[in-house]
Amino acid sequence: MENKIRCLIVDDEPMALLLIESYVLQTPFLELVGKCSNAIEVLSFLEQTEKPNLIFLDIQMPEFNGMALSKTLPTDIKIIFTTAFDRFALESYKVNALDYLLKPFDYAEFLTAANKAKEWFEIKSLPVVQQDYFFIKSEYKQIKIAFNDIIYIEGLKDYAKIFLAGQGKPVLSLISLKKLEEELPQEKFMRIHRSFIISLAHIESIERSRIIIQGQRITIADQYKDCFDKFLKNKSLK
């Protein structure tokens, strides 16, 4: 990749910070942009500085641990966990961590994890062929879903109900709304509630803080109002 991977190190142990810093500095494709000793410092760092691409993140930290912090970070920031406890390994993959380094680890182990990140960012930087559909598993089958057919999606804990044009029964799949939000084109879909993603093209009308879409009234939650108002302003005739 042409650009270096911008790295942030987070660990409450000063010696661990120094060790990982030395590993980053001797890795040609990594660039160290900051060090933090706790989650609160990370949140402040992200507000004041250009986002890092990658965080080497300790899990066991006081007050607000690394696993909890990882769930609040933007999805385009990737994570490599660093910890002395192997019991977090399974949970780390649930939050899509690129790797999991068990302390104490040497430079060879660090480099293996860093190379995984390098490969991920190289693949991510490749030109994307625009597609207008995806396949999703439902009732032991892989079902093809065209973007233009999606009316809205409702999240139910770990499941999603995908309502399609011309079909009375929604497609039910074991997938999170967050994962679907990441995969859907932002110019066509918008999350307006913690439990709903809508197709912008299928909006029928808007009344106060509710969207009517195929007869269904869906409330626009407060945290999504600004984003929806910007969309509406751009699409409204003056």
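The values are calculated or read from the model by the stated rules, or taken from the named source; none is laboratory data. The structure displayed is predicted, hence computed values, not measured ones. A quick note on method: Cβ atoms are made from the backbone with ideal geometry, for glycine too, and the neighbour counts reach across all protein chains shown.
Annotations
- The residues of segment 140-166 that are free of Cβ contacts under 8 Å to residues at least 12 places away in the same chain and more than 20 Å from residue 220 (Cα to Cα), listed by number, are 140, 141, 142, 144.
- Some residue of segment 35-54 being under 22 Å from residue 108 (Cβ atoms), among the aromatic types (Phe, Trp, Tyr) and either under 23 Å from the mean Cα position of the chain (by Cα) or not assigned by TED's automatic domain parsing to the domain that holds residue 80 (or both): no
- Selection status of residue 32, in the same structural domain as residue 16 (by TED's automatic domain parsing), closer than 19 Å to residue 119 by Cα and in contact with an Asp or Glu (Cβ under 7 Å, 6 or more places away or on another chain): yes
- Strands (runs of 3 or more DSSP E) enclosed by segment 125-179 - at least 3 residues per element that are assigned by TED's automatic domain parsing to the domain that holds residue 193 and within 19 Å of residue 192 (Cβ to Cβ): 150-156, 159-164
- Against the list (1) in contact with a Lys or Arg (Cβ under 8 Å, 6 or more places away or on another chain); (2) outside any helix (DSSP H, G or I), the condition residue 32 fails is (1).
- Flag if residue 206 is closer than 27 Å to residue 76 by Cβ, in a strand (DSSP E or B) and either at pLDDT 90 or above or not β-branched (Val, Ile, Thr) (or both): no
- The residues of segment 185-201 that are surrounded by 18 or more Cβ atoms within 10 Å (Cβ to Cβ) and within 19 Å of residue 165 (Cα to Cα), listed by number, are 189, 190, 191, 196, 197, 198, 199.
- Any chance residue 209 is hydroxyl-bearing (Ser, Thr, Tyr) and crowded, with 17+ Cβ neighbours inside 10 Å: no
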